Amino acid sequence: MTKYIFVTGGVVSSVGKGITVASIGTILKSRQIMVSVQKLDPYLNVDPGTMSPYQHGEVFVTQDGAETDLDLGNYERFIDVNLTAESNVTSGQIYSAVIAKERQGDFLGGTIQVVPHVTTEIKERFKRLAQKSKAEVVIIEVGGTVGDIEGQPFLEAARQMRNDVGRDNVLYIHVTLLPYLTSTQELKTKPTQHSVNELRRIGIQPDIIICRSDYPISEGIRDKISLFCDVDRKAVIPLPTVDTIYEVPLVLEEEGLGQLVIDKLGLKARRTDLSQWRELVRRVKEPHEPVNIALVGKYVELQDAYFSVREALCHAALYHNRCLDLHWVRSEDLERDGSDALLRSAQGIVVPGGFGIRGIEGMVKAANYARTNEIPYFGLCLGMHIMVIEFARYALDSTEPNSTEFDASTPYPVIDLLPEQKRIRKKGGTMRLGNYPCQLVQGSHAASAYGQSLVYERHRHRFEFNNQFRDILQKAGMVYSGLSPDGRLVELCELANHPWMVSCQFHPEFGSRPGRPHPLFHDFISVAKDVLREGAQPSLPLIKED
Ligand code: GLN
């Protein structure tokens, strides 16, 4: 029988509930317990695919092509699993499913209500993931904060589960924040008491409370929370802010969370092995020489918009014993201030995915700077479109080559809508999404990075390289290093006369793992780290003294 852990959030959002959930997964997996994870998002969008990254950060794509919340990326990276569409449930999905059933006549004669119809639909999603994943434990993160209007049906469904599947099979964990008052120099527990009261009002008594704080949490504070919130003393788990998110599983394990969950859910205790994780944290904390990478994007004010890209760069830098020194460059600033001013110290340039025309010319400038100064360049989806546009402008000696996404009437549409996209009118969930095969062309940077001839990578786009320009750009020095197996689609391209200018039509960042960087990120950093920029000193050969 699958056991369920529900994780709710109290006091404020953005306290790291997603990382905490991912870390609980890590701890259980380290005991050889099979886990799966689900994120419940209370908003009414069916998925985050149509939202701007400014709303909730990056849209994470699963292998089966679901556009999901960025927390799924953390779950995948921490637990090292590949999740599926069932792992992200939104209110929009629930309500549209219930209404579709009503229209079909499934509830003939009845009045459709939040309880039981909506809550039953929600519980079916919990059980569906349990069945499909065959996990021993499903961890379910309830998005938002307790008290939000939209979150109520999810909390009610979570409450009902205890009766449905048995008390010993459900655990409630509440993640709260203890704010610090500078004037009195103390942490306050009152907001936590209030959010627990709010949970109790709904009928949920938390079994464990995880207390986030920027300051150390005293024994007295733990006692107070235990008393007022009616939770075992050892079930009040402090989680102070740590240097790296990868430390969170270690902190929680140290505080006994793993054993607590095992005991409370009656799971078979197995030996814990977090040694790889400890080694990872040790290496992250070790001082390393920096590698300076510029990320040129449209949404850089909100770094969550590029969460997986940053993580993938970190994984690769760490592999090469470097620390990532990431410079966020607003592409619009490049249009105004010029490349030299903003990219002078970059040892490598990344142009990540994106949509819409704003900032495009700044990105083209970045690609031009990378090409003409022989700086490593890595284009991800939109970044590939940018590289192709820039190269075509050079090869065709014209300023007009463009993507039809940005200039519908360009005489040189080097990037154009995929043929199968031309008839599509509905915007939600209709891009080319999820895993597709890519055949690598031997002798290319990409093929040598992967060391394989066929790979599967995750896509999320409508536009693609226009094959009418294949020959002319090839003659000028573009190499098509990865193609769809039928040869129809350019999935990877690179420049022949450049140290490392490689772009892909897919999103390799989603597949990177802390101890296992993605091959393309790995290769990009391995070249970038040796690039010398203004002010940098080449490392001197060590002279052995006799
Ligand atoms: N806007 C481009 C397209 O739709 C690129 C998308 C992306 O970068 N994910 O094809």
Just give me the residues in region 2-25 being open to solvent by 10 Å² or more (accessible area, probe 1.4 Å), in a helix (DSSP H, G or I) and not charged (D, E, K, R), in sequence order.
ILE19
Which of the residues spanning region 336-353 are at pLDDT 95 or above, small (Gly, Ala, Ser) and within 28 Å of ALA408 (Cβ to Cβ)?
GLY353
Filter region 313-369 down to residues that are more than 16 Å from the ligand (Cβ to nearest atom), in contact (Cβ under 8 Å) with a residue 60 or more places away in the chain and open to solvent by less than 10 Å² (accessible area, probe 1.4 Å) and give me whichever is nearest to VAL502 (Cα to Cα).
GLY348
Scanning for something touching a Pro at 6+ places or on another chain (Cβ under 7 Å), under 21 Å from ARG513 (Cα atoms) and touching a residue at least 12 places away in the same chain (Cβ under 8 Å), does region 239-262 turn up at least one residue?
yes
Would you pick out the residues in region 294-340 that are among the basic types (Lys, Arg), under 15 Å from VAL351 (Cα atoms) and in a helix (DSSP H, G or I)?
ARG310
So in region 41-62, with the set limited to residues that are among the hydrophobic types (A, V, I, L, M, F, W, C) and open to solvent by 60 Å² or more (accessible area, probe 1.4 Å), which one is farthest from the chain's Cα centre (by Cα)?
LEU44
Applying the selection to region 396-445, what residues are touching a helix residue (DSSP H, G or I) at 6+ places or on another chain (Cβ under 7 Å), at pLDDT 95 or above and open to solvent by 40 Å² or more (accessible area, probe 1.4 Å)?
THR399, TYR412, VAL441, HIS445
Region 84-102 - residue that is open to solvent by 10 Å² or more (accessible area, probe 1.4 Å) and not small (Gly, Ala, Ser) and, of those, farthest from the chain's Cα centre (by Cα):
GLU102
From (1) in contact with a Lys or Arg (Cβ under 8 Å, 6 or more places away or on another chain); (2) within 27 Å of ILE360 (Cα to Cα), pick out the condition that doesn't hold for THR272.
(2)
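Out of region 386-395, which residues are more than 15 Å from the ligand (Cβ to nearest atom) and in contact with a helix residue (DSSP H, G or I) (Cβ under 7 Å, 6 or more places away or on another chain)?
The first filter runs over region 386-395 and keeps only residues more than 15 Å from the ligand (Cβ to nearest atom), leaving 390-395.
Those that are more than 15 Å from the ligand (Cβ to nearest atom) and in contact with a helix residue (DSSP H, G or I) (Cβ under 7 Å, 6 or more places away or on another chain): GLU390, PHE391, ALA392, ALA395.
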For region 495-513, what are the residues that are over 26 Å from the mean Cα position of the chain (by Cα) and assigned to a strand (DSSP E or B)?
LEU495
Looking at region 86-104, I want the residues that are within 10 Å of LEU40 (Cα to Cα) and have a partner that is surrounded by fewer than 19 Cβ atoms within 10 Å (Cβ to Cβ) and of a type in the set (A, V, I, L, M) with Cβ atoms under 7 Å, at least 6 apart or on another chain. Which pairs are those?
THR90/VAL46; SER91/LEU44
When you go through (1) in contact with a Phe, Trp or Tyr (Cβ under 6 Å, 6 or more places away or on another chain); (2) within 20 Å of ILE389 (Cα to Cα) one by one for GLU457, which number turns out not to apply?
(2)
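Here is a check on your reading of the model: is LEU326 closer than 17 Å to HIS288 by Cα and of a type in the set (A, V, I, L, M, F, W, C)?
Yes.
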Go through region 373-398 and report how many residues are more than 19 Å from LYS529 (Cα to Cα) and without any contact (Cβ under 8 Å) to a residue 12 or more places away in the chain.
1
Could you tell me whether GLY73 is at pLDDT 95 or above, closer than 22 Å to LYS39 by Cβ, of a type outside the set (A, V, I, L, M, F, W, C) and surrounded by 19 or more Cβ atoms within 10 Å (Cβ to Cβ)?
yes
Hey, any hits in region 507-514 for a residue that's surrounded by fewer than 19 Cβ atoms within 10 Å (Cβ to Cβ) and more than 16 Å from the ligand (Cβ to nearest atom)?
yes
Mind listing whichever residues of region 427-443 are closer than 21 Å to GLY487 by Cβ and within 14 Å of the ligand (Cβ to nearest atom)?
ARG432, GLY434, TYR436
Within region 402-426, of all residues that are of a type in the set (Ser, Thr, Tyr) and more than 13 Å from the ligand (Cβ to nearest atom), the one farthest from THR90 (Cα to Cα) is TYR412
Residue match in region 185-205 (condition: within 17 Å of VAL251 (Cα to Cα), at pLDDT 95 or above and of a type outside the set (D, E, K, R))
no
Could you tell me how many of the residues in region 141-169 are closer than 21 Å to THR192 by Cβ and open to solvent by less than 60 Å² (accessible area, probe 1.4 Å)?
12
Residue identified as in a helix (DSSP H, G or I) and either farther than 30 Å from ARG310 by Cα or among the charged types (D, E, K, R) (or both) among ILE225, ILE204
ILE225
Cross-chain or 6+ apart pairs with Cβ under 8 Å, region 444-471 first and more than 17 Å from GLY379 (Cβ to Cβ) and away from the ligand (no atom under 16 Å from the Cβ), then among the hydroxyl-bearing types (Ser, Thr, Tyr) and part of a strand (DSSP E or B):
ALA447/SER481; TYR456/TYR436; ARG470/TYR480
Kindly indicate which of LEU520, LEU542, LEU495 is at pLDDT below 95 and either away from the ligand (no atom under 16 Å from the Cβ) or within 28 Å of ILE79 (Cα to Cα) (or both).
LEU542
Boolean, VAL291 is of a type outside the set (Gly, Ala, Ser), at pLDDT 95 or above, under 29 Å from the mean Cα position of the chain (by Cα) and farther than 25 Å from ASP71 by Cβ:
yes
Is there a residue being more than 26 Å from the chain's Cα centre (by Cα) and charged (D, E, K, R) anywhere in region 338-347?
yes
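The values are calculated or read from the model by the stated rules, or taken from the named source; none is laboratory data. On a predicted model such as this, the values are computed, not experimentally measured, just so you know. Cβ coordinates were reconstructed from backbone atoms using ideal geometry, including for glycine residues, and neighbour counts include every protein chain displayed. What goes into the accessible areas is simple: the full protein's heavy atoms, side chains included, and nothing from ligands, DNA or RNA. Shrake-Rupley method; radii C 1.70, N 1.55, O 1.52, S 1.80 Å.
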